[in-house]
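To start, the structure under review is shown below, and the notes come after it.
Please treat every number below as a calculation from the coordinates, not as lab data. It should be emphasised that the depicted structure is a prediction, and the values quoted were computed from it without experimental measurement. So basically every Cβ, Gly included, is an ideal-geometry build from the backbone, and we count neighbours across all protein chains shown.
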């Protein structure tokens, strides 16, 4: 039983750290029939949502850090913080969806959403929906990458077989020529 759950546990833990690469790799593993699609999909979506809430919670609990006098040196002022908070009130969902889909800005945007006290329910709905769509797209992409690898491997095995056949026929031809010419 543990052996059957191990790939899903590994995917869950790695997906909390780095989701996109792990999800594409899981899609390749699905293509190779090593793991099941729907279980993997649920594991990936749940890990993505849990990691989003961890970053959101970090932002929520570190709200006071933006009021630190040391951050004024890098341009964080109370006026700019108010502007960011009002921006997240108006465009927070769009910003988070774009950030999560771009993957590069996801963590800072989620922490910032927590620090601006974005509505938890709104954040949860956005997180689940985005994780579901993104996870599905990346799993399907990984599946087709695995399919591509399978075709490439078949091509290379056929190419290798052809090369071996050509080399054997050259060797047999040369050996036969040497025998006949004696």
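Which of the peptides 11-20, 79-88, 44-53 is most tightly packed, and how do the rest follow, going by the mean number of other Cβ atoms within 10 Å of each residue?
Those peptides, ordered most packed to least, come out 44-53, 11-20, 79-88.
Spin-label point model (7 Å from Cα, Cβ direction): what's the residue 122 to residue 94 distance in nm?
Placing both labels 7 Å along Cα→Cβ, they lie 1.3 nm apart.
In nm, to one decimal, how far is the residue 179 label point from the residue 38 one, both placed 7 Å along Cα→Cβ?
Between residue 179 and residue 38, the label points sit 6.2 nm apart.
With each label point set 7 Å from Cα along the Cα-Cβ vector, what nm distance links residue 103 and residue 137?
Reported label-point gap for residue 103 and residue 137 is 1.1 nm.
Per residue, what volume in Å³ does the convex hull of the Cα atoms of segment 2-144 enclose?
Per-residue hull volume (Cα only) is 107 Å³.
Can you compute the FRET efficiency between residue 61 and residue 6 using 1/(1 + (r/R0)^6), with r the Cβ-Cβ distance and R0 = 30 Å? Round to the nearest 0.05. Could the numbers behind the result be given before it?
Values: r = 33 Å, r/R0 = 1.10.
With a Förster radius of 30 Å, E is 0.35.
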